[in-house]
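Below is one structure, written out as structure tokens, with a few remarks after it.
The values are calculated or read from the model by the stated rules, or taken from the named source; none is laboratory data. Given the structure is predicted, the values throughout are model-derived calculations rather than measurements. Here the Cβ positions follow ideal geometry from the backbone for every residue, glycine too, while neighbour counts run over all protein chains shown.
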Amino acid sequence: MNQTSSAPRRKSKKKWIIIGGTILVIALVAVGLSKRKKETGIMVTTEKAVVKTITQTVTATGKVQPETEVKISPEVAGEIIELPVKEGDIVKKGDLLVKIKPDFYQAQFEQQEAALLSAKAASVLSKAQLAKAEQDFQQAKDLYAKKLISDADYLAAKTGFEVGKADFDSSLAQIRRSEGLVSQAQDQLNKTTIYAPMDGTISSLTSEVGERVVGTGQFAGTEIMRVADLSNMEVRVKVNENDIVNVKAGDPTVISIDALPEVKFNGKVSEISSSAQNAGADIATQQNASSDEVANFLVKINISDRDQRLRPGMSATSDIQTQTVENVVAVPIQSVTVRADGGKTAEDLAAEKSKAAREKSGNNLEVTDTRDSARRDRNQLERVVFVVDGTKVKMVQVDTGIADNTHIEIKEGLKEGDEIVSGSYAAISRRLKDGADIQIEQPKQGK
């Protein structure tokens, strides 16, 4: 009888186990579905639009150079016999820098002086001969008037006088020529000694005593040294053509020197080149250059702060402040993206154009055609941000202004305090659409 009653109990217990297991499975499935439903939104990070001051900068790299630096090259050739300075020496205007062996030029000067003396002596003789010829002509003229000499004698006296006058004029010209040659020889002799043209420092010295140097009056000779004014330094940077349109003379600049990372120097743009650095290239070189090559323009920036540690050739980075706006609505730069009609991204447009072009041309589309098509598509794109609206986002078209390193000015479309999507890049640039579901990523603890 006990065996009969235990069988129904085991069956009842098994039944409740099955029912409980079924309920547990259903609960787990429900939780999973609920969790999956919650995770269907795109994960994003958000920030609020703020009011701040934005300064637009153009960053360029270059070298520190003196504002004034003179290359010392000889105008005569010869051997250096005196070089009383060394690199780093401070010199005053008029100090002796170089002396070239003057023997050859001294000999030339003495020869020209002798030639001048000879020309003067010849001129004295010509003058005496002219006086004698003039006297003979006057006598012949008087006698001829009285019919006492023949026509031939009169003509001979007149010709002698004219020849004597021409010889005297020639002797005067020879004197002037000799004086010019003496002056030239004196100038050449003087140029064997070179003096400092300005106060400054010997910033470079490339020659030694005993070396032979080359120099002419028409072309630059061997560079012996450089004299620079190190009290006034500048940074020379190259700015590409896309940024140079924003740079103007007088723009304030913050300069970082690689060798002095702890110091920030102030400066101002003092000069902007009118032509690109490669503008002087020959025509053949320009024709062979890539049309996509970016041209650079030389910009000189005066360093306002004086520091004795600055040396020519130091590497520098300049942040040129081209424009500043105050108290404007701003959002992170990465929050602004572009969309076409219907919310299409630039990649969507490019893909559609490329596909249509390949189908039309039999997949023989040229790369340049694709590039030109992409450029035309830019006109169809509008700048937008995604504003948080509960668990969704709203795509809002904005009018942007200038930007700094982190934020961009919003002229129209947003107001202070609007919560906008700031990340991730993939979500903003490709995944998000108008009305898309989102999940806001919570900041991690300690951040």
If you go through 181, 189, 172, 205, the only one that is touching a Lys or Arg at 6+ places or on another chain (Cβ under 7 Å) and either within 30 Å of residue 129 (Cβ to Cβ) or surrounded by 14 or more Cβ atoms within 10 Å (Cβ to Cβ) (or both) is 205
Restricted to the range 216-231 and to residues being in contact with a Gly (Cβ under 8 Å, 6 or more places away or on another chain) and at pLDDT 85 or above, the residue farthest from residue 191 (Cα to Cα) is 230
The number of residues in the range 293-314 that are under 21 Å from residue 87 (Cα atoms), out of contact with any Ser or Thr (no Cβ under 7 Å at 6 or more places or on another chain) and not acidic (Asp, Glu) is 6
Note on the range 76-103: residues surrounded by 14 or more Cβ atoms within 10 Å (Cβ to Cβ) and under 32 Å from the mean Cα position of the chain (by Cα) are 89, 91
Residue 58 fails exactly one of (1) in contact with a helix residue (DSSP H, G or I) (Cβ under 9 Å, 6 or more places away or on another chain); (2) over 30 Å from residue 251 (Cβ atoms); (3) outside any helix (DSSP H, G or I); (4) aliphatic (A, V, I, L, M), namely (2)
Selection over the range 394-431 where residues are touching a residue at least 60 places away in the same chain (Cβ under 8 Å) and assigned to a loop (DSSP other than H, G, I, E, B) yields a count of 10
Q: Report yes if some residue within the range 358-380 is in contact with a strand residue (DSSP E or B) (Cβ under 8 Å, 6 or more places away or on another chain), surrounded by 15 or more Cβ atoms within 10 Å (Cβ to Cβ) and either at pLDDT 90 or above or farther than 24 Å from residue 56 by Cα (or both); otherwise report no.
A: no
Within the range 220-277, residues within 12 Å of the chain's Cα centre (by Cα) and free of Cβ contacts under 8 Å to residues at least 40 places away in the same chain come out as 271, 272, 273, 274, 275, 276, 277
Flagged in the range 119-162 as aliphatic (A, V, I, L, M) and surrounded by fewer than 16 Cβ atoms within 10 Å (Cβ to Cβ), in numbering order, are 121, 124, 125, 128, 131, 143, 145, 148, 152, 155, 156
message: Regarding the range 137-158, can at least one residue be identified that is within 60 Å of the chain's Cα centre (by Cα), among the acidic types (Asp, Glu) and at negative phi?
response: no
Checked pairs for the range 143-156, first over 18 Å from residue 133 (Cβ atoms), second surrounded by 10 or more Cβ atoms within 10 Å (Cβ to Cβ), C-beta under 7 Å and 6 or more apart or across chains, list as none
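Could you check the range 238-257 and list, in sequence order, the residues that are closer than 16 Å to residue 305 by Cα and in a loop (DSSP other than H, G, I, E, B)?
Result: 250, 251.
On the given criteria, is residue 215 under 30 Å from residue 116 (Cα atoms) and surrounded by 13 or more Cβ atoms within 10 Å (Cβ to Cβ)?
yes
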Determine whether the range 101-109 contains at least one residue that is under 30 Å from residue 227 (Cβ atoms) and among the polar types (S, T, N, Q).
yes
